[in-house]
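Worksheet: one structure, shown below.
The values are calculated or read from the model by the stated rules, or taken from the named source; none is laboratory data. Computed from a predicted model, the values in this text were never measured in an experiment. Reconstructed Cβ throughout: ideal geometry from the backbone, glycine too, with neighbour counts over all protein chains shown. Accessible surface is based on the protein model in full, side chains and every heavy atom, while ligands, DNA and RNA are left aside. Shrake-Rupley method; radii C 1.70, N 1.55, O 1.52, S 1.80 Å.
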Amino acid sequence: MVHDQDGEAADDVDPEDEDEVAAEAFPEEGWDDLANAPIGVDEDIGVECDVDDEVIQDDEGECHHQAHELPGPKAPSRDAVKKHNLTHWPYAPWCPWCVMGRRNAEPRFQCKDDKGRLLPLLVLDYCFMKHAEEESLLTVLVGKLYPSRKTFACVTDSKGTDGYAVARMAEFIRQSGLTKFVYKSDQESAIKALMTEAIRKTGTSGELAPVPENSAVGASASNGRAERAVQAVEDLVRTLKAALESRLHWKLPTAHPVVRWLVEHAADVMNKHAINKSGFTPYEELHGKRPRERRVEFGERVFYSLPKKGRGKLDLRWKVGIYLGHAECTNEVFIGVMNGNVIKARSIVRVIEESRWKKEA
């Protein structure tokens, strides 16, 4: 069961029944051979795949790489529907969650590329997400790096120098290979403080120190790229959350810990599947190659392999966990486990379709 930051169970389950419910929804035992597991499984196919991929075009003329699906047991739905459900990217007019979550968005600002800019540009802004009937407010820091158009998104407990947001931004800077670059916001002091601390954490200084740049106060159009990045992240998070809720037959609270992973998963989907005008995704622009991975739907129960390091000779090789997304720079996936922790796994295998979704897990 996934827990919140204070270690409390995120779902309202009677304490007397919690262990029994969790054991049924999320088996703690493991298996040496997946054929011995009580949950059906497809053949053992790893998370890596060949990079040959289908390029699709949406209604706005934008091109995208279709995600590779981790094969599972045969299902009655069409192959195109199954592949789309992995990421809900790009927008599909026949998908009810895309229509309800992303159609009729606000008009987007038109902004010409900065042809004279010699340094990479990182634009930043905060956004706030919640349900109308909830009091909990999700604060999300969103950024976009140009010219690669790589997206950054993470939930922060507070604006400014929140420790987690600072660490994630510092990691984003390092993973993007940034040294000297320009970062732009709307002169918000919280973003300035966060970037100052993140840059200090990366160790960049002197002639390679990043350069701040601000848009006019109160003029959102002057930082239109950040506004568009926020809109894109909000749309995909809304869509993915609605799709997960339809699988669980349960409304996921805004404050649930899984929503934090969903926000960063949305950015990862955009970075690996949205194709720029150059013909490459943001991931390809920075890494020079396509990611070799197969995906399952966010929040899906999967078998995951236990690494040899930390596993005794008599420990079993496979357990059941929750898929929470792919790591950016490795071929590992994030797995939520029964005690509320999140670990990295090298290999995952899908369970049969009727066993993939459980609210209690």
With labels modelled as points extended 7 Å from the Cα through the Cβ direction, what inter-label distance (nm, one decimal) is found for residue 130 paired with residue 245?
1.6
Order these peptides, 270-281, 232-243, by their mean beta-carbon neighbour count within 10 angstrom, highest first.
232-243, 270-281
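What is the Cα convex hull volume of the stretch 257-316 when expressed per residue in Å³?
Dividing the Cα hull volume of the stretch 257-316 by its residue count gives 143 Å³.
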Kindly sort 54, 353, 245 by accessible area of their heavy atoms, largest first, with the probe set to 1.4 Å.
54, 353, 245
Could you give the nm distance between label points at residue 211 and residue 287, where each point is 7 Å from its Cα heading toward the beta carbon?
3.0
Both in Å, the radius of gyration and Dmax of the C-alpha trace of the stretch 127-191 are 13.3, 44
Based on the mean of other beta carbon atoms within 10 Å per residue, what is the order of 119-130, 316-327, 248-259, most packed first?
316-327, 119-130, 248-259
Output needed: percent of Cα pairs per 10 Å distance bin for the stretch 168-326, bins running from 0 to the one holding the longest distance.
8, 25, 33, 23, 8, 2, 0
I'd like the projected area of the stretch 301-361, averaged over all directions, using the convex hull of its alpha carbons. Report it in nm² with one decimal.
4.7
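How much area per residue is accessible in the stretch 211-361 when the probe is 1.4 Å and only protein heavy atoms are counted (Å²)?
Numbers: 6290 Å² over 151 residues.
Per-residue accessible area for the stretch 211-361 comes out at 42 Å².
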